[in-house]
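Asks: Questions regarding the structure given below will be posed in turn.
Nothing in this text is a laboratory measurement; each read-out follows from the coordinates by a stated rule. In this text the structure is predicted, and so the values were computed from the model without any measurement. Don't worry about glycine lacking a Cβ; one is built from the backbone with ideal geometry, like all the others, and counts go over all protein chains shown.
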Amino acid sequence: MSQHVIPQKVYYLVFVTLILLTLVTVDVAFYNFGFLNIYIAMGIATVKATIVALYFMHLRYNPRLTWLFAGAGILWLFIMFVLTIADYITR
Amino acid sequence: MSNNSDSAVGHAHHFTDMDQQREASTLGMWTFLVTEIMFFGGLFVAYALYRSMYPEAFAEASLRLNLLLGAINTGVLICSSLTMVLAVRDAQSGKVKGLVRYLIATIVLGSAFLVIKAFEYSHKIHEHLIPGSSFQFAGPFGQQAEMFFSLYFMMTGLHAIHMIIGIGVLSVLLYQAKRGRFTAEYYSPIDVAGLYWHFVDVVWIYLFPLLYLVSRH
């Protein structure tokens with residue numbers, strides 16, 4: 001499975017998508033969407049991070065066990081955010 | 001050492017075969033990256049809290065960052081991720097020449113990122129934006145802006161340290177690749193270094209909009 005060599009074309013396509021999304025996130029920052037700006041920026045960043053993980057980090061071609069580990073990282077990050085912020089906003 | 005006559009170079013005796021060995025090293029690296037998510041995560045939580053407390057100050061302070069240099073650096077890092085993944089690909093196919101070439105390209109691009117970052121830092125020093133006794137920020141949000149710059153330097157600084165470590169690791173791998181250590185059967189160090197490099201790229205993907213694009217509208 002890890003011997004899977006992915007066509008170069010896929011990597012170039014991912015690269016072009018990442019560059020385009022960078023331009024979009026810069027451009028969109030100049031428009032005022034009120035409180036939505038930060039969510040748009042984080043949404044685009046998350047799309048970029050996801051395709052980096054899936055293709056450049058080969059997560060897509062990895063066994064489900066690797067998915068579980070990566071998912072655990074995100075889950076624990078989520079817990080840290082939610083519990084800390086819940087504490088602050090309820091003081 | 002294994003006595004199997006057919007065991008590949010780089011095959012450690014406690015693994016059944018090379019596939020199992022590769023899976024183990026990949027999983028080990030992902031485990032490390034999970035700890036890295038938590039390491040950077042603390043700073044991201046701090047950023048979220050202080051930004052929600054001082055929205056105006058963060059908006060004003062963020063405008064003092066150089067958007068052009070930040071955007072160029074994002075592009076440089078994405079390019080370096082492309083060359084890194086192509087290095088891994090050539091390692092998988094046993095193309096040592098290509099592997100060496102792409103490793104050099106990745107090291108050069110990573111160094112370019114750090115040089116641009118150094119220019120940005122020196123600008124901030126000249127503008128008295130380093131938190132501490134010499135910090136100067138006109139307007140009503142002086143102290144709160146100082147918090148923004150504390151977070152800016154901690155987050156980009158920690159990221160830059162990771163880049164320096166990554167360049168060091170890749171330099172060692174470059175030396176080993178030139179001496180023919182890696183084959184199509186054994187290239188796990190390249191693979192695992194690639195995972196680390198892309199992770200550092202992902203951190204920057206979040207840092208760039210959070211620090212440079214707070215309030216451009």
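Asks: Could you identify which residue out of A:51, A:38, A:79 has the top mean-square fluctuation in a GNM of chain A using Cα springs shorter than 10 Å?
Replies: A:79
Asks: Cα convex hull of chain B: how many Å³ per residue? Mind showing how you got there, number by number?
Replies: Details: hull volume 28.2 nm³, N = 217.
Hull volume over Cα atoms, normalised by residue count, gives 130 Å³.
Asks: A further question on this structure: Would you mind giving the mean number of other chain beta-carbons within 10 Å of the Cβ of each residue in B:185-192, as a whole number?
Replies: Details: counts 1, 0, 1, 1, 0, 0, 3, 0.
What the average comes to for B:185-192 is 1.
Asks: How large is the Kirkwood hydrodynamic radius of the stretch B:84-153, counting all unique pairs of alpha carbons, in Å? Present the calculation step by step, with values, prior to reporting the outcome.
Replies: Values: mean 1/r = 0.0669 Å⁻¹.
The Cα-based Kirkwood calculation yields 15.0 Å.
Asks: Here is a further query. Could you state the per residue volume, in Å³, of the convex hull enclosing the Cα atoms of chain A? The partial results should precede the final answer.
Replies: Numbers: hull volume 8.4 nm³, N = 91.
In chain A, the Cα hull volume divided by residue count equals 92 Å³.
Asks: Determine the shielding of peptide A:47-58 by partner chains: average, over its residues, the number of Cβ atoms on other chains within 10 angstrom of each Cβ.
Replies: Working: counts 1, 8, 7, 1, 0, 8, 5, 0, 2, 13, 16, 7.
What the average comes to for A:47-58 is 6.
Asks: Once every DSSP H run of n ≥ 4 in the protein assembly as shown is given -39500 (n - 2.57) and the sum is divided by its residues, what mean residue ellipticity at 222 nm do you get, rounded to the nearest 500 deg cm²/dmol? Walk me through the numbers before you get to the answer.
Replies: Numbers: 9 runs with 226 residues, N = 308.
Taking each H run of at least 4 residues, the total per residue is -26000 deg cm²/dmol.
Asks: Pop out the ³J(HN,Hα) list for the stretch A:36-45 in order, Karplus 6.51 cos²θ - 1.76 cosθ + 1.60 with θ = phi - 60°, rounded to Hz; leave Gly and Pro as x.
Replies: With coefficients 6.51, -1.76 and 1.60, one gets 6, 3, 5, 5, 5, 4, 5, x, 5, 4 Hz.
Asks: For the stretch B:136-175 and the stretch A:33-87, what is the separation of their Cα centres, given in Å?
Replies: Centre-to-centre (Cα) distance: 21 Å.
Asks: Something else: Can you compute the equivalent ellipsoid semi-axes for the stretch B:119-195, i.e. the square root of 5 times each eigenvalue of the Cα gyration tensor, sorted largest first and rounded to whole Å? Provide the component values of the computation, followed by the final result.
Replies: Values: eigenvalues 366, 28, 9 Å².
Working through the eigenvalues yields semi-axes of 43, 12, 7 Å.
Asks: Can you list which of the trypsin sites (Lys or Arg not before Pro) found in the stretch B:158-217 are DSSP loop residues with at most 16 other C-beta atoms within 10 Å?
Replies: On the way: sites: B:178, B:179, B:181, B:216; in loops: B:179, B:181, B:216.
Those that pass, being in a loop and sparsely packed, are B:179, B:181.
Asks: What is the sum of charges around residue B:149, taking Lys and Arg as +1, Asp and Glu as -1, for the other residues whose C-beta is under 9 Å from the C-beta of residue B:149?
Replies: Working: positive: B:64, B:124; negative: B:146.
Once all neighbours under 9 Å are counted, the net charge is +1.
Asks: Most fluctuating residue of A:24, A:52, A:14 in a GNM of chain A with Cα springs under 10 Å: which is it?
Replies: A:24
Asks: Tell me, which longest segment in chain A has none of the chymotrypsin sites (Phe, Trp or Tyr not before Pro) that fall in DSSP loops with at most 11 further Cβ atoms within 10 Å? Please report the intermediate quantities before stating the final value.
Replies: Numbers: sites that count: A:30, A:31, A:35.
Answer from the scan: A:36-91.
Asks: What's log10 of I(q)/I(0) for the protein assembly as shown at q = 0.07, 0.08, 0.13, 0.15 Å⁻¹, Debye sum over Cα points only, no solvent?
Replies: Scattering profile of the protein assembly as shown, log10 relative to I(0): -0.31, -0.40, -0.96, -1.21.
Asks: Considering only the other residues whose Cβ falls under 12 Å of the Cβ of residue B:98, what net charge follows from Lys and Arg at +1 and Asp and Glu at -1? Intermediate values should be presented prior to the final figure.
Replies: Values: positive: B:89, B:95, B:97, B:101; negative: B:90.
Combined, the nearby Lys, Arg, Asp and Glu give +3.
Asks: Additional query: Counting partner chain Cβ atoms within 10 Å of every residue's Cβ in B:50-56, what's the average? Mind dumping the intermediate values first?
Replies: On the way: counts 0, 1, 3, 1, 0, 2, 0.
If you average over the peptide's residues, the count of other-chain Cβ atoms is 1.
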